[in-house]
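J.: Before we start, here is the structure in question, set down as structure tokens.
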Amino acid sequence: MRVWDWNYAWEVMPVLAEASLITVQATLAGFVLALCVGLLFAVGRIAGPLWLRWVVVGMVEFLRSTPLLIQIFFLYYVLPEVGLTLDAFPAGVLALGLHYGAYCAEVYRAGLEGVPKGQWEAAMALNLPYWSAFRRVILPQAIPPVVPALGNYLVALFKETPLLSVIAVMELMQTAKILGSESFQYTEPITLVGLFFLAFSLISAALIRWLERALPSRSGRRA
């Protein structure tokens, strides 16, 4: 019995390569959204009025405590019942962004609370507006220490993209399963998908390490 068919592997490679673009797009779009949502959550929890802090805490805990799969189903199947219909890809990206935004919020919060209070006091003594001080003094010091943790969530988010197949997003894993069901040869497409995920994860880890080394020197030059 033949275990590996190179001809079939080369045949499905272009199809999987095309599907990989969907996976990468969903990953990058979801992660950018997660970074933005997480920062908004963190700032709202730290600097917002009391009512906003409670709202943010509730949202973060809800998003972290419920499965991503349920959130995908909710955005795609339940929201149309109240008049908000999203296509499969935007719904999937939104679910990824909100879910991982809740995790990123806690990472941001740790970084922001790690900045010495003296930095705030010095910024206020220079009569810098609050948000200007936050953007130009506090945030550049808070981000570099948390880059590794944020990078871990990038890799984790990437590995969650196969869940989008439940709402018919033709990402990499779903395409591989369809190819396997058509040919009854699952070894080649599934193995190629695994290699793709491994390659992306290694590339992401290398970029994160580079960014981790680069950011402190940049913030130092600004100082």
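Coordinate-derived values only; no laboratory data. Bear in mind that the values here come from a model prediction, so they are computed numbers and not experimental data. Neighbour counts are summed over all protein chains in view; Cβ atoms, including those assigned to glycine, are modelled from backbone coordinates with ideal geometry.
J.: Identify, by number, the condition in (1) within 30 Å of SER183 (Cα to Cα); (2) buried (at least 19 other Cβ atoms within 10 Å of the Cβ); (3) among the polar types (S, T, N, Q) that GLN25 doesn't meet.
T.: GLN25 satisfies all of (1) within 30 Å of SER183 (Cα to Cα); (2) buried (at least 19 other Cβ atoms within 10 Å of the Cβ); (3) among the polar types (S, T, N, Q) except (2).
J.: Does GLN141 count as assigned to a helix (DSSP H, G or I), out of contact with any Leu (no Cβ under 6 Å at 6 or more places or on another chain), in contact (Cβ under 8 Å) with a residue 24 or more places away in the chain and polar (S, T, N, Q)?
T.: Yes; evaluated as a whole, the condition is true for this residue.
J.: Just a yes or no: is a residue in the stretch 37-44 touching a helix residue (DSSP H, G or I) at 6+ places or on another chain (Cβ under 8 Å), surrounded by 15 or more Cβ atoms within 10 Å (Cβ to Cβ) and closer than 30 Å to VAL193 by Cβ?
T.: Scanning the stretch 37-44, I find at least one residue that is touching a helix residue (DSSP H, G or I) at 6+ places or on another chain (Cβ under 8 Å), surrounded by 15 or more Cβ atoms within 10 Å (Cβ to Cβ) and closer than 30 Å to VAL193 by Cβ, so the answer is yes.
J.: Looking only at the stretch 56-91, filter to residues that are among the polar types (S, T, N, Q) and outside any helix (DSSP H, G or I); which one of those is surrounded by the fewest Cβ atoms within 10 Å (Cβ to Cβ)?
T.: THR85
J.: Scan the stretch 73-128 for residues that are farther than 19 Å from PRO162 by Cβ and either within 14 Å of the chain's Cα centre (by Cα) or among the aromatic types (Phe, Trp, Tyr) (or both) and report the count.
T.: Total meeting the criteria: 8.
J.: When residues of the stretch 144-169 are filtered for being in a helix (DSSP H, G or I) and either over 11 Å from the mean Cα position of the chain (by Cα) or free of Cβ contacts under 8 Å to residues at least 60 places away in the same chain (or both), how many remain?
T.: 16
J.: Which residue is surrounded by the most Cβ atoms within 10 Å (Cβ to Cβ), if the candidates are limited to the stretch 172-211 and must be part of a helix (DSSP H, G or I) and among the hydroxyl-bearing types (Ser, Thr, Tyr)?
T.: Looking at residues that are part of a helix (DSSP H, G or I) and among the hydroxyl-bearing types (Ser, Thr, Tyr), I get THR175.
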